[in-house]
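Have a look at the structure below, then the notes.
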Amino acid sequence: MIYVKDARLNQTWNEVSHGGIMLKGGTSLEVNTGDWRTFVPSWIEEKCKQCFLCFPVCADSSIIIENGKRTDFDFKHCKGCGVCYKVCPFDAITFEKEDK
């Protein structure tokens, strides 16, 4: 039987569970969901006033708060939507085309 976390593209037909049923769901902690991003936000710590307006609008929980302070982005999960950039009143977030 195959679990979601063990699934791979080069599996043979006899390695897949009956009916293609996945017996265990994957989680975003196990999967890099930010790898299709084309634009990337950049946090400018010196300009940040710690207002936290960016934190609640991030749909991917990619803005990390540690010890009551905003820190850099979690780029493993950031999709590059730009909402954080739009809501920042202090220009502490830039939004540029990602160089890959």
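Assuming a ≥ b ≥ c are the square roots of the Cα gyration tensor eigenvalues, decide whether segment 32-100 counts as rounded (a/c under 1.5), prolate (otherwise, with a/b larger than b/c) or oblate.
prolate
Tell me, what ³J(HN,Hα) does each residue in segment 29-44 have, in order and in whole Hz, if you take phi through Karplus 6.51 cos²θ - 1.76 cosθ + 1.60 with θ = phi - 60° and put x for Gly and Pro?
5, 8, 10, 7, 9, x, 7, 9, 5, 10, 10, 10, x, 9, 8, 9
Would you mind ranking TRP36, TRP43 by Cβ crowding within 10 Å, fewest neighbours first?
Taking fewest neighbouring Cβ atoms as first place, the list is TRP36, TRP43.
Just to check I understand the Karplus step: with θ = phi - 60° and J = 6.51 cos²θ - 1.76 cosθ + 1.60, what whole-Hz values come out for segment 58-72, glycine and proline as x?
After applying 6.51 cos²θ - 1.76 cosθ + 1.60, I find 6, 5, 9, 6, 8, 9, 8, 10, 10, 6, x, 10, 6, 10, 5 Hz.
At a Förster distance of 25 Å, what's the computed FRET efficiency of THR38 paired with ILE65, Cβ-Cβ distance as r, to 0.05?
0.45
Enumerate the amide H contacts of ILE63 below 5 Å, restricted to partners 5 or more residues apart or on another chain; note that Pro and chain-start residues carry no placed amide H.
The list, which skips near neighbours in sequence, is ASP74.
For SER62, SER42, what ranking results if the residue with the fewest other Cβ atoms within 10 Å of its Cβ goes first?
SER42, SER62
Where a number appears in this text, it was derived from the coordinates with a stated rule and is not lab data. Since we're looking at a predicted model, the values are computed, not measured. FYI the Cβ positions are ideal-geometry reconstructions off the backbone, even for glycines, and counts take in every protein chain you see.
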